[in-house]
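The values are calculated or read from the model by the stated rules, or taken from the named source; none is laboratory data. Model, not experiment: these values are computed from the prediction. All Cβ positions, glycine included, derive from the backbone under ideal geometry; neighbour counts span all protein chains shown. Side chains are part of the model used for accessible areas, which takes the heavy atoms of the whole protein and leaves out ligands, DNA and RNA. Shrake-Rupley method; radii C 1.70, N 1.55, O 1.52, S 1.80 Å.
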Amino acid sequence: MAVIVKCNPALVDSDNMVLVDEKPFQGCRPVKGERAFIWTSHTSGGDHLEMRGLVVEVTESDKRFRLKIVVSDQKPIKTLTYSDLRPFGNQGTEVEVPRKQDEDVHRTLARKLVTHAHNKIAELDPKEIAFLDGHFEARTGIPPTDRPGLLAAMSLFDTTLRDAPEWVNWQENKAHKYAIHHNMQLYPVKQIISMATGRPVADFSGGQGTGQANTYVTARGFTIEPLRPRNPPWARDELILALDLYLKHRAHPPAKGSPEIAELSATLGRLADKLGLAGDETYRNQNGVYMKLMNFRSLDPDYTTEGKVGLRSSGHGDRDVWDEFAADPARCAATAAAILAGLDAPDVDATSAADDAGDDAVEAEEGRRLTRLHRHRERNRDLVAKKKARVLAKEGLLRCECCGFDFQARYGERGEGFIECHHTRPVTDMTIGEKTKLSDLALLCANCHRMIHIRRPWLSLEDLQAIILRWPRKTGQAA
């Protein structure tokens, strides 16, 4: 069986996946493994058949179904609109009457797709499925073969093609996204299937859907692995920049392909280089940036209170950044501006990604790039030495400005001159090229310094001092 999903324009991610979240029509209960046709809603200027694929995950919540669909065809070869399904136009003007054998299918589909306040998911009968399939390019599918047949094809590939000029370094060809991993060797998935079945590779699709190449191979006991790394999760820096763009255009977010989306996509590419992030050719492309704005829209009460849902695939990072910044667009804009300014800070690059994970401190609310700038200034040896010298000259000892701990008093000669340095100014106040003043630095013991940075939001010295006063040291506890 199959379902038809009427929704806002479906956004296909880098894994050829679509997420939809809609209500069922007349008791429809979609299930994993069945086929799906996606129809673009009239509310988005569409009202036409858009793509087809396979349902790979179903979750139900509050009388709605959330479907993950692997797309096999993103565009029908024959256009089908709602008007095509009706024997009369919207104004009662007669149009071409459907062929007799399709009249019932037109009528039932039109009923399931009729203009409605809400989008929905409806079951399809065999006639409707065949009718919709006819609007896509026919795929002949993969003929049956067994594991020995695939093994024989791999052996033939090794002896006849592996060293052939057209197949040398085939893994580097971006047209190949996955490979069969067998006996310490990689094999092109569709080519091996073609050699085992005699069917041209153009007759079937790659990907993970039922009947497609990867699933076909794994069902016969082989391992599939991606040839290039998947795109990493969005960093806080990236999310803040995306949220800033969304908040600046909250009522009417920029469209896919707009200059704003293109500019942010390019900026995220620069930021990825600075943060040491890497992905495939789709990394933060314009489609991905637009989808992220739609993720934020699904969290926006200004949008969802109207009964709309947005793109409900937002993660914990999206919600955390929304909760921290959405109520204060000015702060979000200032933080975004500081991140952009930090892209051109040469001194930050000296603080490597390894330093980011060097202790149990978390990055600042403002993201990884500004955290690196903060730490670089804390670890500037010349500044730290000058700060210690000034405090020694004035007070005659070095002690923690929060708890009063004195390393020399506790550890003797071994602790002489030891104490950590903390930069007290908020990371968003740090201008690129501005010199750090000694008054911006505070001397802290290791414990207090860790407590300031242990979780978001980072504490001020006053915040930590208040905590120490509320929780005095227990009797017998070491100083």
- Task: State all residues of region 62-85 that are assigned to a loop (DSSP other than H, G, I, E, B) and of a type in the set (Val, Ile, Thr); if no residue qualifies, say none.
- Result: Ile77, Thr79
- In the set Tyr246, Tyr187, which member is touching a residue at least 12 places away in the same chain (Cβ under 8 Å), aromatic (Phe, Trp, Tyr) and part of a helix (DSSP H, G or I)? Tyr246
- In region 136-160, residue modelled with the lowest pLDDT [restricted to those that are surrounded by fewer than 17 Cβ atoms within 10 Å (Cβ to Cβ) and over 23 Å from Arg220 (Cα atoms)]: Ala138
- Of all residues in region 144-176, which are charged (D, E, K, R) and part of a helix (DSSP H, G or I)? Arg147, Asp158, Glu166, Glu172
- Could you please find all residues in region 230-246 being open to solvent by less than 10 Å² (accessible area, probe 1.4 Å) and of a type in the set (Phe, Trp, Tyr)? Tyr246
- Query: Taking region 16-33 as the search range and keeping residues that are assigned to a loop (DSSP other than H, G, I, E, B) and buried (at least 16 other Cβ atoms within 10 Å of the Cβ), which one is modelled with the lowest pLDDT?
  - Reply: Asn16
- Item | Residue satisfying condition, being assigned to a strand (DSSP E or B) and either open to solvent by 10 Å² or more (accessible area, probe 1.4 Å) or modelled with pLDDT under 85 (or both), within set Leu11, Leu54 | Leu54
- Message: For region 362-375, check the following and say yes or no: at least one residue is at pLDDT below 65, in contact with a Phe, Trp or Tyr (Cβ under 8 Å, 6 or more places away or on another chain) and open to solvent by 20 Å² or more (accessible area, probe 1.4 Å).
- Response: yes
- Within region 290-303, can you find the residues that are open to solvent by 50 Å² or more (accessible area, probe 1.4 Å) and free of Cβ contacts under 8 Å to residues at least 40 places away in the same chain? Pro301
- Among the residues of region 216-249, which ones are modelled with pLDDT under 85 and touching a Ser or Thr at 6+ places or on another chain (Cβ under 8 Å)? Arg230, Asn231
